[in-house]
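Some notes on the structure that comes next.
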Amino acid sequence: MTIRLRPLVAARGFTIVEFMVAIAIGLIVSMVVGQIFVGSRQSFSSQEDSARMQENMRAASIILARTIRMAGYVSDAGRNSTDVFPKASAPAITGAEDATTAGLPSQTTDPVKPTPSSPVTKPDTITVRYQGSGNGTGTADGTVVDCAGGNVDFNATAANIFAVRPATKPDGTVSSSLYCSTDNGTTWQELVPDVDNMQILYGVDTDADGAANRYQRITDVISADQLDNVVSVRVWLLLRSPAATNLTVGATSYSLGGTSYSYTDRFVRRVLYTTINLRNRVK
């Protein structure tokens, strides 16, 4: 019996070049997948921040409108609002600002759209007073609330102050939020987070027809002794995203009440603009 042996075939593997090509292709695929993942994550974060800003804008609009339109409300219909809320000591609506009014137009060409040339560096504040509803002995009926959501009883006065103040987030970063106070600024309650600025113009009725003839800053309204003639308020809020993104490049400007503000910190911002009528004064 004859046994035939097959000749040995030389074993072959991958060459170094083939390994390098395979590694390069793998790296390229990994980079593409990584870019897709990072892009999707950034897009999701951007959409989430945008949705959160929309929610904050909606909440701020509801709270401000609900409170400001109540200015000057008196529980007892037989009493005069100007007697209950004397403009010298406790006006139904007033405010404060840190900006000069130099540069305001003369109100002759477009009285309801002033464009101040002097920059406003600090947010405005607004104070709104009104009375509540209930049995008058400490039991409110819940139909009238203050800016913090507390019930206001019959003949009791709610003094609501809105202001943009510094806020510290849970991670320790410092931001700013819209706050309100119902005890003359002793304590503050955060209402809306991530609010950079608030600017306010007051609509003054100069011919007693119940409609605003011009919108002015509070310093002009007070100096002209027109607090009792304020019938509406225009509010601008500048809200920003909770975190910085890569979507905003370079300086971005936003207009609030005719004044432009520029930012380069890569936060996305939105402007809330609303006009609120004082329903106890408009006709």
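Here are the numbers for this structure:
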{"read-out": "Inter-probe distance in nm under a simple model that places probes 7 Å from Cα toward Cβ, at Thr139 and Tyr263", "value": "4.8 nm"}
{"read-out": "Rotationally averaged projected area of region 131-279 (alpha carbon convex hull; nm²)", "value": "11.6 nm²"}
{"read-out": "Net charge, Val152 excluded, C-beta distance under 11 Å - Lys, Arg +1, Asp, Glu -1", "value": "-2"}
{"read-out": "Neighbour net charge for Val268 - beta-carbon separation under 10 angstrom, K R +1, D E -1", "value": "+3"}
{"read-out": "Rounded FRET efficiency, nearest 0.05, which uses the C-beta distance separating Lys122 from Ala208 and R0 of 35 Å", "value": "0.55"}
{"read-out": "Size of electric dipole in region 152-279: Cβ of Lys, Arg +1 and of Asp, Glu -1, about Cα centre, debye, nearest 20", "value": "580 debye"}
{"read-out": "Distance cut-off 20 Å, percentage of C-alpha pairs in region 138-217 lying past it", "value": "55 percent"}
{"read-out": "Computed lengthening from Lys283 to Arg270, 0.36 nm per intervening residue step minus Cα-Cα distance", "value": "1.4 nm"}
{"read-out": "Net charge contributed by nearby residues that have their C-beta within less than 13 Å of Gly132 (K/R +1, D/E -1)", "value": "-3"}
{"read-out": "Volume in Å³ per residue [convex hull over Cα atoms, computed for region 170-209]", "value": "122 Å³"}
{"read-out": "Between region 161-179 and region 209-260, the alpha-carbon center distance in angstrom", "value": "19 Å"}
{"read-out": "Exposure of Thr15 as accessible area (Å², to 10), given a probe of 1.4 Å and all protein chains", "value": "60 Å²"}
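The values are calculated or read from the model by the stated rules, or taken from the named source; none is laboratory data. What you see is a predicted model, and the numbers here were worked out from it, not measured in a lab. Glycine also receives a Cβ, built like all others from the backbone with ideal geometry; neighbour counts cover every protein chain displayed. Areas reflect the complete protein model, heavy atoms only, side chains present, ligands, DNA and RNA absent. Shrake-Rupley method; radii C 1.70, N 1.55, O 1.52, S 1.80 Å.
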